[in-house]
Amino acid sequence: MSAIYILWKRELIRYFRSRARLVGSLGQPLLFLVALGFGLGPVFQKAGQGNYFQFLGPGVICMGILFTGVFAGIQVIWDRQFGFLKETLVAPISRFEIMFGKTLGGATVAFIQGIFVLALSMVVGFRVQNFLLIPLALIAMFLVALFFTALGITIASILEDMQGFQLIMNFIVQPTFFLSGALFPLSGVISFLSTIAYVDPLSYGVDAVRGSLTGVTHFGLMTDFTVLIIISATVLIIGSYLFSKVEA
(Lines give C-alpha, C1' and ligand atoms only; values in the text may rest on other atoms or scores of the structure.)
Protein backbone atom coordinates (compact mmCIF):
# COMPACT_ATOMS: atom_id res chain seq x y z
CA MET A 1 0.00 0.00 0.00
CA SER A 2 2.92 2.35 0.66
CA ALA A 3 4.06 1.99 -2.97
CA ILE A 4 0.58 2.81 -4.24
CA TYR A 5 0.46 5.87 -1.99
CA ILE A 6 3.87 7.09 -3.18
CA LEU A 7 2.91 6.75 -6.85
CA TRP A 8 -0.47 8.40 -6.19
CA LYS A 9 1.21 11.31 -4.40
CA ARG A 10 3.79 11.65 -7.18
CA GLU A 11 1.08 12.15 -9.81
CA LEU A 12 -0.65 14.81 -7.70
CA ILE A 13 2.61 16.70 -7.15
CA ARG A 14 3.30 16.66 -10.91
CA TYR A 15 -0.14 18.08 -11.59
CA PHE A 16 -0.12 20.91 -9.08
CA ARG A 17 3.46 21.91 -9.88
CA SER A 18 2.51 22.55 -13.50
CA ARG A 19 0.47 25.74 -13.36
CA ALA A 20 0.31 25.91 -17.15
CA ARG A 21 -1.25 22.44 -17.24
CA LEU A 22 -3.62 23.34 -14.43
CA VAL A 23 -4.90 26.49 -16.14
CA GLY A 24 -4.67 25.25 -19.72
CA SER A 25 -6.75 22.16 -19.01
CA LEU A 26 -9.71 24.41 -18.22
CA GLY A 27 -9.55 26.19 -21.59
CA GLN A 28 -11.37 23.57 -23.66
CA PRO A 29 -14.24 23.02 -21.17
CA LEU A 30 -14.70 26.78 -20.89
CA LEU A 31 -14.80 27.08 -24.69
CA PHE A 32 -17.49 24.40 -24.94
CA LEU A 33 -19.55 25.96 -22.16
CA VAL A 34 -19.45 29.45 -23.62
CA ALA A 35 -19.58 28.68 -27.35
CA LEU A 36 -22.18 25.91 -27.21
CA GLY A 37 -24.05 27.07 -24.11
CA PHE A 38 -24.70 30.57 -25.37
CA GLY A 39 -24.61 29.68 -29.07
CA LEU A 40 -26.98 26.70 -29.11
CA GLY A 41 -28.85 27.52 -25.91
CA PRO A 42 -31.62 29.54 -27.60
CA VAL A 43 -32.09 26.86 -30.28
CA PHE A 44 -32.27 24.14 -27.62
CA GLN A 45 -34.84 26.12 -25.66
CA LYS A 46 -36.99 26.87 -28.73
CA ALA A 47 -37.04 23.13 -29.46
CA GLY A 48 -38.73 22.65 -26.11
CA GLN A 49 -35.75 21.00 -24.41
CA GLY A 50 -35.32 23.59 -21.64
CA ASN A 51 -32.12 25.22 -20.45
CA TYR A 52 -29.17 23.93 -22.49
CA PHE A 53 -26.67 24.71 -19.72
CA GLN A 54 -28.49 22.20 -17.52
CA PHE A 55 -28.00 19.57 -20.20
CA LEU A 56 -24.51 20.58 -21.36
CA GLY A 57 -22.88 21.02 -17.94
CA PRO A 58 -22.53 17.31 -16.99
CA GLY A 59 -21.29 16.48 -20.49
CA VAL A 60 -18.53 19.08 -20.31
CA ILE A 61 -17.59 17.92 -16.80
CA CYS A 62 -17.10 14.39 -18.13
CA MET A 63 -15.21 15.76 -21.12
CA GLY A 64 -12.67 17.39 -18.79
CA ILE A 65 -12.28 14.11 -16.91
CA LEU A 66 -12.02 12.10 -20.13
CA PHE A 67 -9.23 14.13 -21.71
CA THR A 68 -7.22 14.41 -18.49
CA GLY A 69 -7.64 10.72 -17.68
CA VAL A 70 -6.72 9.10 -20.98
CA PHE A 71 -3.67 11.27 -21.54
CA ALA A 72 -2.23 10.12 -18.22
CA GLY A 73 -0.85 7.31 -20.34
CA ILE A 74 1.57 9.76 -21.94
CA GLN A 75 3.38 9.92 -18.61
CA VAL A 76 4.09 6.18 -18.81
CA ILE A 77 5.64 6.55 -22.27
CA TRP A 78 7.54 9.64 -21.13
CA ASP A 79 8.94 7.77 -18.10
CA ARG A 80 9.93 4.86 -20.34
CA GLN A 81 11.76 7.04 -22.83
CA PHE A 82 13.74 8.90 -20.17
CA GLY A 83 14.52 5.91 -17.99
CA PHE A 84 12.34 6.80 -15.01
CA LEU A 85 10.10 3.78 -15.55
CA LYS A 86 13.06 1.41 -15.27
CA GLU A 87 13.83 2.78 -11.82
CA THR A 88 10.25 2.10 -10.77
CA LEU A 89 10.09 -1.39 -12.28
CA VAL A 90 13.24 -2.61 -10.52
CA ALA A 91 11.78 -1.68 -7.14
CA PRO A 92 10.73 -4.65 -4.96
CA ILE A 93 7.00 -4.12 -5.54
CA SER A 94 4.54 -5.85 -7.82
CA ARG A 95 3.69 -4.52 -11.26
CA PHE A 96 0.05 -4.43 -10.19
CA GLU A 97 0.89 -1.98 -7.38
CA ILE A 98 2.78 0.22 -9.83
CA MET A 99 -0.04 0.18 -12.37
CA PHE A 100 -2.72 0.72 -9.72
CA GLY A 101 -0.76 3.54 -8.07
CA LYS A 102 -0.29 5.34 -11.38
CA THR A 103 -3.93 4.78 -12.30
CA LEU A 104 -5.17 6.00 -8.93
CA GLY A 105 -2.95 9.09 -9.16
CA GLY A 106 -4.05 9.90 -12.70
CA ALA A 107 -7.71 9.27 -11.80
CA THR A 108 -7.46 11.59 -8.81
CA VAL A 109 -6.00 14.31 -11.03
CA ALA A 110 -8.80 13.80 -13.58
CA PHE A 111 -11.36 13.83 -10.76
CA ILE A 112 -10.01 17.13 -9.42
CA GLN A 113 -10.16 18.46 -12.98
CA GLY A 114 -13.83 17.46 -13.07
CA ILE A 115 -14.52 19.35 -9.84
CA PHE A 116 -12.89 22.47 -11.31
CA VAL A 117 -15.06 22.16 -14.43
CA LEU A 118 -18.16 21.66 -12.27
CA ALA A 119 -17.39 24.90 -10.43
CA LEU A 120 -16.70 26.64 -13.74
CA SER A 121 -19.99 25.44 -15.23
CA MET A 122 -21.89 26.73 -12.20
CA VAL A 123 -20.32 30.14 -12.72
CA VAL A 124 -21.42 30.13 -16.38
CA GLY A 125 -25.02 29.12 -15.67
CA PHE A 126 -25.38 25.48 -14.63
CA ARG A 127 -27.43 24.83 -11.49
CA VAL A 128 -27.44 21.70 -9.30
CA GLN A 129 -31.02 20.57 -8.72
CA ASN A 130 -30.46 18.39 -5.64
CA PHE A 131 -27.41 19.10 -3.48
CA LEU A 132 -28.02 15.89 -1.51
CA LEU A 133 -27.05 13.91 -4.62
CA ILE A 134 -23.73 15.69 -5.13
CA PRO A 135 -21.81 12.84 -3.39
CA LEU A 136 -23.39 10.44 -5.90
CA ALA A 137 -22.24 12.68 -8.75
CA LEU A 138 -18.71 12.76 -7.30
CA ILE A 139 -18.63 8.96 -7.17
CA ALA A 140 -19.73 8.82 -10.82
CA MET A 141 -17.05 11.35 -11.76
CA PHE A 142 -14.36 9.32 -10.00
CA LEU A 143 -15.48 6.10 -11.72
CA VAL A 144 -15.26 7.84 -15.09
CA ALA A 145 -11.79 9.12 -14.16
CA LEU A 146 -10.70 5.67 -13.01
CA PHE A 147 -11.89 3.94 -16.18
CA PHE A 148 -10.34 6.33 -18.68
CA THR A 149 -7.07 6.68 -16.77
CA ALA A 150 -6.76 2.89 -16.65
CA LEU A 151 -7.59 2.77 -20.36
CA GLY A 152 -4.90 5.33 -21.18
CA ILE A 153 -2.25 3.50 -19.16
CA THR A 154 -3.33 0.16 -20.64
CA ILE A 155 -2.84 1.44 -24.19
CA ALA A 156 0.43 3.13 -23.23
CA SER A 157 1.68 -0.24 -21.93
CA ILE A 158 1.69 -1.70 -25.45
CA LEU A 159 3.05 1.38 -27.25
CA GLU A 160 6.55 2.80 -27.25
CA ASP A 161 6.32 6.17 -29.01
CA MET A 162 4.36 9.23 -27.96
CA GLN A 163 3.17 10.07 -31.49
CA GLY A 164 1.49 6.70 -31.89
CA PHE A 165 -0.20 7.05 -28.52
CA GLN A 166 -1.58 10.49 -29.38
CA LEU A 167 -2.93 9.27 -32.72
CA ILE A 168 -4.68 6.29 -31.17
CA MET A 169 -6.03 8.34 -28.28
CA ASN A 170 -7.45 11.00 -30.59
CA PHE A 171 -9.06 8.26 -32.67
CA ILE A 172 -10.69 6.89 -29.51
CA VAL A 173 -11.37 10.04 -27.48
CA GLN A 174 -13.16 12.21 -30.05
CA PRO A 175 -15.84 9.66 -31.07
CA THR A 176 -16.23 8.56 -27.44
CA PHE A 177 -17.05 12.10 -26.38
CA PHE A 178 -19.16 13.31 -29.29
CA LEU A 179 -21.29 10.14 -29.47
CA SER A 180 -21.88 9.81 -25.73
CA GLY A 181 -24.88 12.11 -25.48
CA ALA A 182 -22.80 14.80 -23.80
CA LEU A 183 -23.88 17.43 -26.34
CA PHE A 184 -27.27 16.18 -27.52
CA PRO A 185 -30.12 14.10 -26.03
CA LEU A 186 -30.02 10.40 -26.86
CA SER A 187 -33.79 10.10 -26.87
CA GLY A 188 -35.18 10.29 -30.39
CA VAL A 189 -31.86 9.91 -32.24
CA ILE A 190 -31.53 7.50 -35.16
CA SER A 191 -31.02 3.85 -34.26
CA PHE A 192 -27.39 3.90 -35.48
CA LEU A 193 -26.37 6.61 -32.99
CA SER A 194 -28.47 5.03 -30.26
CA THR A 195 -26.65 1.71 -30.72
CA ILE A 196 -23.25 3.42 -30.53
CA ALA A 197 -24.31 5.25 -27.37
CA TYR A 198 -25.21 1.95 -25.70
CA VAL A 199 -21.66 0.61 -26.22
CA ASP A 200 -19.95 3.93 -25.49
CA PRO A 201 -18.63 3.79 -21.89
CA LEU A 202 -18.74 7.56 -21.52
CA SER A 203 -22.50 7.53 -22.18
CA TYR A 204 -23.07 5.91 -18.80
CA GLY A 205 -20.69 8.31 -17.08
CA VAL A 206 -22.39 11.37 -18.54
CA ASP A 207 -25.81 9.95 -17.74
CA ALA A 208 -24.82 9.18 -14.14
CA VAL A 209 -23.41 12.67 -13.55
CA ARG A 210 -26.39 14.30 -15.28
CA GLY A 211 -28.88 12.19 -13.36
CA SER A 212 -27.20 12.97 -10.03
CA LEU A 213 -26.94 16.71 -10.64
CA THR A 214 -30.16 17.41 -12.57
CA GLY A 215 -32.40 14.41 -11.91
CA VAL A 216 -32.70 13.54 -15.61
CA THR A 217 -31.34 10.19 -16.83
CA HIS A 218 -31.54 8.14 -20.02
CA PHE A 219 -30.39 4.71 -18.85
CA GLY A 220 -31.17 5.00 -15.13
CA LEU A 221 -28.70 5.55 -12.29
CA MET A 222 -28.61 1.89 -11.28
CA THR A 223 -27.63 0.86 -14.81
CA ASP A 224 -25.10 3.68 -15.07
CA PHE A 225 -23.23 2.79 -11.88
CA THR A 226 -23.35 -0.95 -12.55
CA VAL A 227 -21.79 -0.50 -15.98
CA LEU A 228 -19.17 1.97 -14.70
CA ILE A 229 -18.06 -0.36 -11.90
CA ILE A 230 -17.85 -3.40 -14.19
CA ILE A 231 -15.92 -1.72 -16.99
CA SER A 232 -13.54 0.02 -14.56
CA ALA A 233 -12.70 -3.27 -12.85
CA THR A 234 -12.29 -5.00 -16.23
CA VAL A 235 -9.89 -2.41 -17.61
CA LEU A 236 -7.88 -2.43 -14.39
CA ILE A 237 -7.45 -6.20 -14.66
CA ILE A 238 -6.49 -6.08 -18.34
CA GLY A 239 -4.21 -3.10 -17.75
CA SER A 240 -2.44 -4.84 -14.88
CA TYR A 241 -1.73 -7.86 -17.07
CA LEU A 242 -0.41 -5.77 -19.98
CA PHE A 243 1.63 -3.55 -17.66
CA SER A 244 3.25 -6.66 -16.19
CA LYS A 245 4.69 -7.32 -19.66
CA VAL A 246 6.21 -3.83 -20.02
CA GLU A 247 9.93 -3.67 -20.65
CA ALA A 248 11.51 -0.37 -19.68
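The values are calculated or read from the model by the stated rules, or taken from the named source; none is laboratory data. Just so we're clear, the structure is a prediction, and the values are computed from it rather than from any experiment. Glycine also receives a Cβ, built like all others from the backbone with ideal geometry; neighbour counts cover every protein chain displayed.
General remarks:
- Boolean, P135 is surrounded by fewer than 21 Cβ atoms within 10 Å (Cβ to Cβ) and at pLDDT below 90: no
- Any hit, region 160-172, residues being β-branched (V, I, T) and either under 21 Å from F71 (Cβ atoms) or touching a Gly at 6+ places or on another chain (Cβ under 6 Å) (or both): yes
- Scanning region 197-232 for residues that are without any contact (Cβ under 8 Å) to a residue 40 or more places away in the chain, more than 25 Å from Q129 (Cα to Cα) and under 15 Å from the mean Cα position of the chain (by Cα) turns up just one, D200.
- Checked against the criterion of being in contact with an Asp or Glu (Cβ under 7 Å, 6 or more places away or on another chain) and surrounded by 22 or more Cβ atoms within 10 Å (Cβ to Cβ), region 189-204 has at least one qualifying residue.
- G152 vs. criteria within 12 Å of the chain's Cα centre (by Cα) and either in a loop (DSSP other than H, G, I, E, B) or within 21 Å of W78 (Cβ to Cβ) (or both): yes
- Check on I153, touching a Ser or Thr at 6+ places or on another chain (Cβ under 8 Å) and crowded, with 21+ Cβ neighbours inside 10 Å: yes
- Some residue of region 198-220 being under 22 Å from G50 (Cβ atoms), touching a Lys or Arg at 6+ places or on another chain (Cβ under 8 Å) and hydroxyl-bearing (S, T, Y): yes
- Boolean, V109 is without any contact (Cβ under 8 Å) to a residue 60 or more places away in the chain and among the β-branched types (V, I, T): no
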